[in-house]
Amino acid sequence: MQSFYSKQTDFHPKTLHCVLGIETSCDETGIAIYDGKKGLLAHSLYSQIDLHNQYGGVVPELASRDHIRKLLPLVKETLAAAHLTLSTIDGVAYCAGPGLAGALLVGATFGRSLGWALDIPTVGVHHMEAHLLAPMLEKEVPEFPFIALVVSGGHTLLAQINGIGDYSLLGVSVDDAAGEAFDKTAKLLGLDYPGGPAIAALAAQGHAKHYTFPRPMVTKSGCDFSFSGLKTHVSTTLKNSDQSEQTKANIAHEFQAAVADTLVTKTARALNQTGLRRLVVAGGVAANTWLRKELASMALKHDVTLYYPRPSFCTDNGAMIAYLGYRRLNLGQHDSLSIKTVARYPLDQLN
Ligand code: KG4
Ligand code: ZN
C-alpha cells in the first residue's frame, strides 16, 4: 500500500508556526488557522445541511460544487477574523481522505495551489486521525497513550493511541458506522438529515421501558461493533406499531440507548484490555449528550479520565485539520508535487 504521509525528514520547526487547515471531505467546508505558539487563531465553518436535506442525505456532486463556491470566501473570512494576511501563513494542511472523492479533490487542489502560489509546504492529512486528535485543541489535553473512541458518519472505531502516527486498532464496525445508523434510522422515522441531532431531539420526548432493542455484539468477545441490525429492528418495530408521534419518540429513545450502551460496553472492554485510564471520544456522534452521560458514569466507575473536543469540533471542522497539519508538517512530512486523495485508508497503516 502506498504510504499516506511522506517520510519524516530533518526539518526545523522554528520555521513553521502558522498553518491554514482546509476540511472538505463531506458536507462541511471548514477553514482554520492554527499557530504553534498561540493555539487556534480563528476558524470558520459552512455547513451544506440545508442543501442536502431535501434529498435525505449527502449528494456527492452537489457537495463538491458547494465546496468550490465556499472555500475562497471562508479563507478570507478566517484570515480577517485572525487579523492576518496570507503572507503570515507558513504551511497549508487539507483533508486527503477518507471521504467523498470529488469533495476531497476540491480541498486538495485548492490547498496544493495555495501552497504553490505562496511557496510554502502543504500536507494532506487523514480525516479520522484529525478527529481523534481534536481534543488537543482544548485546555485539558490527554497524554499519550490513550484509548480513542471515534464515532462519525463514516467510521466507528476503538484504537490505542501511543503517539502521533502510532495507532493500533482494537475494534471497528463490521457494517454501518454509528452515525450512519443514526442517519438511516432517522430516515425510517421520517426525520431530517443529519439524523443524529434529529434522533437526539425526538428521543428526549420519548420514554424508556416501552421497547427493548438488542445491544449488538456485546456478548461476543473483542471490540468490534455492528449497527445495521438495530436499524432493521427499528423498521420492524415501527411497522408493527400505531406509528404515533409518541411511539416514534419511544423508539428513538430506545435506539439511542442501545447505540450508547453498545459503545460504552465495548469502550470499557478496550480500557480493561489495555489497562489504560485515559479516553478520548471524538467524531460527530460524540456530540450526543445521552452517550456522554453514559460514558461519564462508566468513566466514574472505572476511574477513567474523559477527553472530548468541544461539541462544534466533534463534527467535521477545519481546526482539527490545521492542528494535525501543524504536527505533521513539523515532523517534516509534506506533499510532493502530485495531488493524491483517498476514499479509504486504514488508520493503523499511517506512519
Ligand atoms: O464526524 P462527522 O461530522 O462526519 C463524518 O466524518 O462522518 O459525523 C457526522 C455524523 C452524522 O452521522 C450525524 O448524524 C452524527 O455524526 N451526529 C450525531 C449528533 N451530531 C452529529 N449523532 C448523534 N447525536 C448527535 N448529537
Ligand atoms: Zn468526520
Checklist line | Matching option when the condition is under 30 Å from GLY190 (Cα atoms) and either more than 16 Å from ligand 2 (Cβ to nearest atom) or under 19 Å from the mean Cα position of the chain (by Cα) (or both), among ALA286, ALA299, ALA270 | finding: ALA286
Check: Just a yes or no: is a residue in region 161-168 of a type in the set (S, T, N, Q), outside any helix (DSSP H, G or I) and farther than 23 Å from HIS17 by Cβ?
Finding: yes
Notebook entry, point to check: Can we say VAL75 is among the aliphatic types (A, V, I, L, M), under 24 Å from ARG310 (Cβ atoms), more than 16 Å from ligand 2 (Cβ to nearest atom) and surrounded by fewer than 18 Cβ atoms within 10 Å (Cβ to Cβ)?
Noted result: no
Item checked: Positions within region 269-298 being under 21 Å from ASP175 (Cα atoms) and surrounded by fewer than 20 Cβ atoms within 10 Å (Cβ to Cβ), in sequence order -> ARG269
Next item on the list: Check region 131-144 and report whether any residue there is touching a helix residue (DSSP H, G or I) at 6+ places or on another chain (Cβ under 9 Å) and of a type in the set (Phe, Trp, Tyr).
Entry: no
Next item on the list: Would you check if there is a residue in region 21-41 being in contact with a Pro (Cβ under 7 Å, 6 or more places away or on another chain), hydrophobic (A, V, I, L, M, F, W, C), within 28 Å of ASP348 (Cα to Cα) and within 16 Å of ligand 2 (Cβ to nearest atom)?
Entry: no
Margin query: Cβ-Cβ distance below 9 Å, separation of 6 or more or different chains: which pairs start in region 60-87 with a residue that is in contact (Cβ under 8 Å) with a residue 24 or more places away in the chain and end on one that is β-branched (Val, Ile, Thr) and surrounded by fewer than 16 Cβ atoms within 10 Å (Cβ to Cβ)?
Written below: LEU79/THR85; LEU79/THR88; ALA82/THR88
Next item on the list: Only residues that are closer than 13 Å to LEU20 by Cα and surrounded by fewer than 24 Cβ atoms within 10 Å (Cβ to Cβ): list them for region 114-157, please.
Entry: LEU114, GLY115, LEU118, ILE120, PRO121
Notebook entry, point to check: Just for strands (runs of 3 or more DSSP E) wholly inside region 25-99: which have at least 1 residues that are out of contact with any His (no Cβ under 6 Å at 6 or more places or on another chain) and of a type in the set (D, E, K, R)?
Noted result: 28-35
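FYI, it's all coordinate maths here, none of it is from the lab. Worth saying up front: this structure is predicted, and the values here are computed from it rather than measured. Quick reminder, even Gly has a Cβ in these numbers, built from the backbone with ideal geometry, and neighbours come from all protein chains shown.
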